[in-house]
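Take a look at the structure set out below.
Throughout, read-outs are computed from the coordinates displayed, never taken from laboratory work. Computed from a predicted structure; not experimentally measured. Neighbour counts run over all protein chains shown; Cβ positions are idealised from the backbone, glycine included.
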Amino acid sequence: MVVVSSTQAKAQFSKLIEKTREGDEVVIRRRGRPVAVMLSYEDYLNLQTLREKARREEALARLRALAREVRAQNEGLTPEDSQALADELVREAIESLVGMGHF
């Protein structure tokens, strides 16, 4: 990892781009505090993939929690009726997420 001030980053921009192409990350500091990071485009794409995976896992966990909640609220129903209701709610939630562009 390379750490530079914002002034150094301006003066050495081309060199820092080469560093990222070589696999290094570049931390840019302003007044001694980190404010930005330069990384290769490949690393950026990998980071975006990880973020998307985490977002989908979180959405799935929320859907599973919703299904458990529905089952708990409908304990008087037969298992089949309860499962059908939970499935319907999950389908509706997925359709809503798809409609919003989350899947």
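Observations on the structure shown:
- Counting only DSSP beta bridges with both residues in the chain, the antiparallel share comes to about 55 percent.
- Net charge contributed by nearby residues that have their C-beta within less than 12 Å of Val4 (K/R +1, D/E -1): +3
- Degrees between helix 41-73 axis and first principal axis of the chain (Cα, 0 to 90, nearest 10): 20 degrees
- Dipole axis of the chain (+1 Lys, Arg; -1 Asp, Glu on Cβ), positive-most option in Gly23, Val3, Gln48: Val3
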